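Engineer: Dropping the structure in here first, questions after.
The values are calculated or read from the model by the stated rules, or taken from the named source; none is laboratory data. Quick caveat: nothing in here was measured; it's all calculated off a predicted structure. Positions of Cβ are generated from backbone atoms using ideal geometry, with glycine treated the same way; all protein chains shown enter the neighbour counts.
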Amino acid sequence: MLRLPFQAQVEITDVCNLRCKHCYHFDTDNMPASNDLSDDAVLQVIRKMIDNRIYSLVITGGEPLARPKTLIRAAELAKTAGMYVSVNTNLLLLTPQIISALKESDIDSFLVSCPASEPDIYREITRLGDYDKFTQKLRMLLDANFSCLVNMVVTQTNFPLIRSTARDLKKMGVKRFSVTPACLNVEHPDLDGLLSKKQTIVLLEDLRWCADVLGLEVDTLVALPKCFFPVWWWERSSPLLKYRTCQAGRMTVNISNIGDVRPCPHNPIVYGNLFKESMESIWDKMAVYRNNGTVPGICKSCAAVESCRGACRTNAMAVTGRLDEPDRLTIGPVNFFEKKRRNVIFNENSIVNFRGKLRWRNEFDGYYSVTSKRGGGNLMVVNEEMFRFICWMEKSLPLTIKELTKNIAGDSAIKSFIRIFEAVIRKEFVSIS
Ligand SMILES: C[S@@+](CC[C@H](N)C(=O)[O-])C[C@H]1O[C@@H](n2cnc3c(N)ncnc32)[C@H](O)[C@@H]1O
Ligand code: SF4
Ligand code: SF4
């Protein structure tokens, strides 16, 4: 368990240039007057994240490009401190100046919203957006070689357009595409816009088509119940999204434009304000998300519960008013859920290399979190012994297995080495050649 979040999503503004009908953040029929913090206060929030050794920062909004100077300064500050930095944006306010400043600060990735490639539907959904302008801005981003994932939030309005949108984006050079069934805005739920169960299955089929026919790397940004996935999904050699779990309050937090801390962008429950309380004490108050307190009763006997935890808890709350009620797509407990495993094969002449750059943080007594991937994808919490071993490997590799094991004597020491070593290979801290 983590003493502090792994990732913070910071809303640097509540201003937005669009009025998307599906937005889970705002009631876009009645946008509030902005109450943004000053630039200095936003930078203070970022400094607090750095001081807390939070690994990853998502700069979001509202629309972060509506506040370009703040965005650029926040990105520079976080990148200089070694954080992984990504930006969520609808792209329409992008300029060559912003692109070059963000290139300079070396930010890691963009999550770009695009609800349809059909101009009339794009306009109907975003109300103030222009698809041609969107494509110009996307071209600028792709030409600048930024890593980008394009996200299509799906409601009844754009449900038939998933494949055509994917095809058009692919033609432009997009490689990563996520199709996300709209989550409910808890305070202004639009139940009529939601996809039915049947339509959500069709969405999964479309996603499979995007991967298999277009060769796109696909994703969906909401955790769906594992029991909802159809049989064909499980039979794929590498099932898509199999391990996606809701990380709200477990790994991630959301910080509003006034410093209020919530578990995720669409969960309205505020657990504290960063200008009045420390991140650690606010995180403590979110323990219910980490100690299974939000897992629905029906899920407790399920073989997939550890990986699923009942799926998106905020969606459940939007429909039922409670965080521990089942998701509306839940079918019921499954008997079998295969854990992520990779076979590890090596011999004494295999060469072991360290992968990436180690980042770490002290967690609870004698425990550390460690990651060597830029985005933190292989984060794990380890004890002191394992921590020292990983630090030593970063300094000492490459070595052969023979060299690595030359000072290990006795059956039990060798067995314990193999166990630890297999774990670091599976987590991709090292590779074998
Ligand atoms: C709230 S927006 C803020 C950043 C920026 N304005 C944008 O739209 O990209 C952050 C992300 O949430 C997604 N989003 C908005 N409403 C959603 C909903 N109802 N369900 C799922 N995702 C949603 C957007 O597509 C975007 O990727
Ligand atoms: S652009 Fe983003 S923040 Fe603005 S209304 Fe659309 S989803 Fe919401
Ligand atoms: S029963 Fe609950 S924990 Fe199991 S797969 Fe379904 S939603 Fe997830």
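Engineer: What is the residue count in the range 95-118 for residues that are touching a helix residue (DSSP H, G or I) at 6+ places or on another chain (Cβ under 7 Å), closer than 26 Å to C23 by Cα and polar (S, T, N, Q)?
Structural biologist: Count: 1.
Engineer: A further question on this structure: Among L65, L37, which is among the hydrophobic types (A, V, I, L, M, F, W, C), in a loop (DSSP other than H, G, I, E, B) and either touching a Leu at 6+ places or on another chain (Cβ under 8 Å) or away from ligand 2 (no atom under 12 Å from the Cβ) (or both)?
Structural biologist: Working: L65 fails: in a loop (DSSP other than H, G, I, E, B).
That would be L37, the only listed residue that is among the hydrophobic types (A, V, I, L, M, F, W, C), in a loop (DSSP other than H, G, I, E, B) and either touching a Leu at 6+ places or on another chain (Cβ under 8 Å) or away from ligand 2 (no atom under 12 Å from the Cβ) (or both).
Residue-by-condition table, conditions (1) away from ligand 1 (no atom under 16 Å from the Cβ); (2) within 20 Å of F6 (Cα to Cα); (3) in contact with a Phe, Trp or Tyr (Cβ under 8 Å, 6 or more places away or on another chain):
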residue: E280; (1), (2), (3): yes, yes, no
residue: Y289; (1), (2), (3): yes, yes, no
residue: N292; (1), (2), (3): yes, yes, no
residue: S301; (1), (2), (3): yes, no, no
residue: S307; (1), (2), (3): yes, yes, yes
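Engineer: Taking the conditions exactly as written (assigned to a helix (DSSP H, G or I), surrounded by fewer than 19 Cβ atoms within 10 Å (Cβ to Cβ) and touching a strand residue (DSSP E or B) at 6+ places or on another chain (Cβ under 9 Å)), does K79 satisfy them or not?
Structural biologist: Values: assigned to a helix (DSSP H, G or I): yes; surrounded by fewer than 19 Cβ atoms within 10 Å (Cβ to Cβ): yes; touching a strand residue (DSSP E or B) at 6+ places or on another chain (Cβ under 9 Å): yes.
Answer is yes for this residue.
Engineer: Quick one: in the range 270-306, which of the residues that are touching a residue at least 60 places away in the same chain (Cβ under 8 Å) and not hydrophobic (A, V, I, L, M, F, W, C) is farthest from ligand 3 (Cβ to nearest atom)? Steps first, please.
Structural biologist: Just the residues of the range 270-306 that are touching a residue at least 60 places away in the same chain (Cβ under 8 Å), to begin with: 274-275, 279-280, 283, 290, 302, 304.
Then keep just the ones that are not hydrophobic (A, V, I, L, M, F, W, C); that gives 280, 290.
Details: E280: 29, R290: 16 Å.
Filtering the range 270-306 for residues that are touching a residue at least 60 places away in the same chain (Cβ under 8 Å) and not hydrophobic (A, V, I, L, M, F, W, C), the one farthest from ligand 3 (Cβ to nearest atom) comes out as E280.
Engineer: Can you tell me which residues in the range 16-40 are near ligand 1 (Cβ under 10 Å from one of its atoms) and either farther than 23 Å from P189 by Cα or of a type in the set (A, V, I, L, M) (or both)? Break it down into steps so the answer makes sense when it comes.
Structural biologist: Residues of the range 16-40 near ligand 1 (Cβ under 10 Å from one of its atoms): 16-18, 20-26, 28.
Once the filter is applied, which keeps residues that are near ligand 1 (Cβ under 10 Å from one of its atoms) and either farther than 23 Å from P189 by Cα or of a type in the set (A, V, I, L, M) (or both), the range 16-40 yields only L18.
Engineer: Can you tell me how many residues in the range 397-433 are among the small types (G, A, S), more than 22 Å from G376 (Cα to Cα) and either assigned to a helix (DSSP H, G or I) or touching a residue at least 24 places away in the same chain (Cβ under 8 Å) (or both)?
Structural biologist: Here the count works out to 4.
Engineer: Additional query: For K79, all conditions in the list (1) at pLDDT 95 or above; (2) of a type in the set (D, E, K, R); (3) within 13 Å of ligand 2 (Cβ to nearest atom) hold save one; what is the number of the exception?
Structural biologist: (3)
Engineer: Please go through the range 91-109 and pick out each residue that is on the phi > 0 side of the Ramachandran plot and in contact (Cβ under 8 Å) with a residue 40 or more places away in the chain. Let's see the steps before the verdict.
Structural biologist: Step one: list which residues in the range 91-109 are on the phi > 0 side of the Ramachandran plot, which gives 91, 106.
Within the range 91-109, L91 is the sole residue that qualifies.
Engineer: Being in a loop (DSSP other than H, G, I, E, B) and either surrounded by 15 or more Cβ atoms within 10 Å (Cβ to Cβ) or within 12 Å of ligand 1 (Cβ to nearest atom) (or both) is the filter here; which residues of the range 188-201 pass it? I'd like the intermediate steps shown before the answer.
Structural biologist: So in the range 188-201, the residues in a loop (DSSP other than H, G, I, E, B) come out as 188-190, 194-196.
Those that are in a loop (DSSP other than H, G, I, E, B) and either surrounded by 15 or more Cβ atoms within 10 Å (Cβ to Cβ) or within 12 Å of ligand 1 (Cβ to nearest atom) (or both): H188, P189, D190, L194, L195.
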